[in-house]
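Asks: My questions will all concern the structure given below.
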Amino acid sequence: MKSRIIVGAIIEKDGKLLFGKKKKDIGPYPNTLVIIGGGARLETETIEDAIKREIVEEANIKIKNLKRLSFDEDYEPNKYGQMSHLVFLVFKAEYESGKPTPGDDIVELIWLEKKDLSKYQLARPTVKLFKELKWL
């Protein structure tokens, strides 16, 4: 089983949080909303550089005021169906610039208010984190 370091950001703008909708039936966490992020390339970039790169790749925006928020782990099949050990490093960030446009593994981007989070199917690690933050 392979392990991957996944960096993600809870991105806030005007009191709303940005989520990406995953592709249908393609893992990890298919058919759910996820915070924006992806795999870090630790051989060639820092964690902070990785999160900034992933946000550009997945949402076509720039972020600012990064703050470390959480870390966690989970086991989930990757997009090829192979079980993976995922280690999540989660940041909180503010939207800086750019027009949000889905890329890579995301089919749609959605801004949600915290009060509406329980109405959506969020990825399992996101639900766990938001319960810890008392947002769900």
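Please treat every number below as a calculation from the coordinates, not as lab data. Every value quoted in this text rests on a predicted model; they were computed, and no experiment measured them. When we count neighbours, we look across all protein chains shown, and the Cβ atoms used for this are built from the backbone with ideal geometry, even at glycine.
Asks: Amide H to amide H under 5 Å from S84: which residues, 5+ apart in sequence or cross-chain, H placed 1.01 Å off N in plane?
Replies: Residues meeting the amide H criterion: E76, N78.
Asks: Residues with amide H under 5 Å of N60's amide H, sequence separation 5 or more or different chain, H placed in the peptide plane at 1.01 Å from N; which?
Replies: T101
Asks: Same structure again: Please compute the modelled spin-label separation between K62 and K79, points set 7 Å along Cα→Cβ, answer in nm with one decimal.
Replies: 2.6 nm
Asks: Next up: Spelling out what I want: for every residue of region 72-82, take phi, set θ = phi - 60°, compute 6.51 cos²θ - 1.76 cosθ + 1.60 (Karplus), and round to whole Hz; glycine and proline get x.
Replies: Once rounded to whole Hz, the list reads 7, 8, 7, 10, 7, x, 6, 5, 9, x, 8.
Asks: Oh, and also: If you work out volume of the Cα convex hull per residue in Å³ from the coordinates, which of [x] 98; [y] 128; [z] 112 do you get?
Replies: So the calculated entry is the one marked [x].
Asks: With the chain treated as a Gaussian network of Cα nodes joined by springs under 10 Å, which of G27, G15, G39 yields the largest mean-square fluctuation?
Replies: With Cα springs under 10 Å in the chain, the top fluctuation among G27, G15, G39 is at G15.
Asks: Follow-up. Can you tell me the length gained on complete extension of the stretch F71 to S118, counting 0.36 nm per residue apart and subtracting the Cα distance? Walk me through the numbers on the way to the answer.
Replies: Working: separation 47, 0.36 × 47 = 16.92 nm, distance 2.18 nm.
Answer, rounded to one decimal: 14.7 nm.
Asks: Which ³J(HN,Hα) values in Hz, rounded to whole numbers, follow from the phi angles of region 117-124 under the Karplus curve 6.51 cos²θ - 1.76 cosθ + 1.60, where θ = phi - 60° and Gly and Pro get x?
Replies: Residue by residue, region 117-124 yields 4, 5, 7, 10, 8, 9, 4, 3 Hz.
Asks: Please list, in chain and number order, the residues 5+ apart from T32 or on another chain whose amide H is under 5 Å from its amide H, with Hs placed from the backbone.
Replies: The list, which skips near neighbours in sequence, is K22.
Asks: Each residue of region 54-69 in order: what ³J(HN,Hα) in whole Hz does its phi give by Karplus 6.51 cos²θ - 1.76 cosθ + 1.60, θ = phi - 60°, with x for Gly and Pro?
Replies: 4, 5, 5, 5, 8, 9, 6, 10, 10, 10, 9, 6, 5, 9, 5, 10
Asks: Over all directions, what mean area does the Cα convex hull of region 58-136 project, stated in square nanometres?
Replies: 6.0 nm²
Asks: Quick one: among K13, K62, K52, which has the greatest mean-square fluctuation in a GNM of the chain with alpha-carbon springs under 10 angstrom?
Replies: K13
Asks: I would also like to ask the following. For W135 and T44, what is the calculated FRET efficiency with R₀ set at 35 Å and r taken between the beta-carbons, to the nearest 0.05?
Replies: Approximately 0.55, to the nearest 0.05.
Asks: Further question: If you take the square roots of the eigenvalues of the alpha-carbon gyration tensor of region 1-62 and sort them as a ≥ b ≥ c, do you get rounded (a/c under 1.5), prolate (a/b over b/c) or oblate?
Replies: oblate
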